1. Provide the gained length on full extension for the span residue 71 to residue 173, in nm with one decimal, where the gain is 0.36 nm per separating residue minus the Cα-Cα distance.
2. Please state the relative contact order of segment 10-95 as a whole percent: Cα pairs under 8 Å, 6+ residues apart?
3. Arranged by the count of other C-beta atoms within 10 angstrom, fewest first, what order do 132, 17, 66, 26 take?
4. Over segment 8-183, calculate the relative contact order: mean separation of alpha carbon pairs under 8 Å at least 6 apart, over the residue count, as a percent.
5. For the chain, modelled as a GNM with alpha-carbon contacts under 10 angstrom, which of 72, 46, 94 fluctuates the most?
6. Would you count, across segment 8-183, every pair of lysines whose alpha carbons are under 24 angstrom apart, provided the pair is eight or more residues apart or spans two chains?
7. What ranking do 137, 44 get, fewest neighbouring Cβ atoms within 10 angstrom at the top?
8. To the nearest 0.05, how large is the calculated FRET efficiency for residue 53 and residue 143 if R₀ is 30 Å and r is the Cβ-Cβ distance?
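Throughout, read-outs are computed from the coordinates displayed, never taken from laboratory work. What you are looking at is a predicted structure, and each value in this text was computed from that prediction instead of being measured. In this analysis, Cβ positions are derived from the backbone assuming ideal geometry, glycine residues included, and neighbour counts consider all displayed protein chains.
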Amino acid sequence: MTMTKSLQGKRIAFLATDGVEEVELTEPAKAVRAAGGEVDLVALRPGSIQAFNHLDKSSTYDVDVTVGDADPQRYDGLVLPGGVANPDELRGDPAAVRFVRSFFDAGKPVGVICHGPWTLIEAGVVQGRTITSWPSLRTDLTNAGANWIDAEVHVDNGLVSSRKPDDIPAFNAKIVEEFAEGVHRGQREQQRTPVSAQQ
């Protein structure tokens with residue numbers, strides 16, 4: 001199986017909203033497409049989202065489907081880019097939290113980078129998992145029951161995590177590999193904690 005064809009026939013959801021770190025959205029999407037996969041930008045509202053380059057506004061990106069209308073069963077994997085404002089807004093949206101949790105319930109691979117794990121915490125899916133992130137999330141993740149490590153990229157039963165834009169090449173290689181492998185039983189079987197948004 002060649003790298004350019006490893007994701008042929010697979011569709012990956014990228015969940016993001018205004019404030020997303022641009023390079024953490026665009027570069028993984030390019031990697032998925034280069035491997036033959038299809039990408040949908042899933043967002044809270046229709047129209048477009050405003051990406052940022054750190055603290056500066058950058059380009060806008062057209063939304064393919066709103067999270068309220070998105071069917072998780074259509075997707076073979078999920079990517080959660082970072083940026084500070086983006087995951088902070090996502091974790092406050094019950095539909096977005098349910099969407100994220102559904103990938104773990106189905107055992108589908110998930111890639112998350114930078115501040116993206118905030119949404120995972122809200123979805124109640126990090127307890128017992130080993131994960132990396134932007135360093136300031138260490139306490140949040142530890143308090144939620146995760147084992148936080150400082151690593152360029154880490155894979156835990158289909159959950160791929162990285163810290164920052166500099167890690168993107170390693171992150172991209174691993175998400176393509178995990179998406180190509182498909183469902184991970186260990187992802188589904190990991191202990192999860194209930195969250196109020198799911199009740």
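1. 34.1 nm
2. This gives 42 percent for segment 10-95.
3. By the 10 Å Cβ count, ascending, the order reads 66, 26, 17, 132.
4. Reported as a whole number, the value is 21 percent.
5. 46
6. Going through segment 8-183 pair by pair, I get 11.
7. 44, 137
8. The computed FRET efficiency comes out at 0.50.
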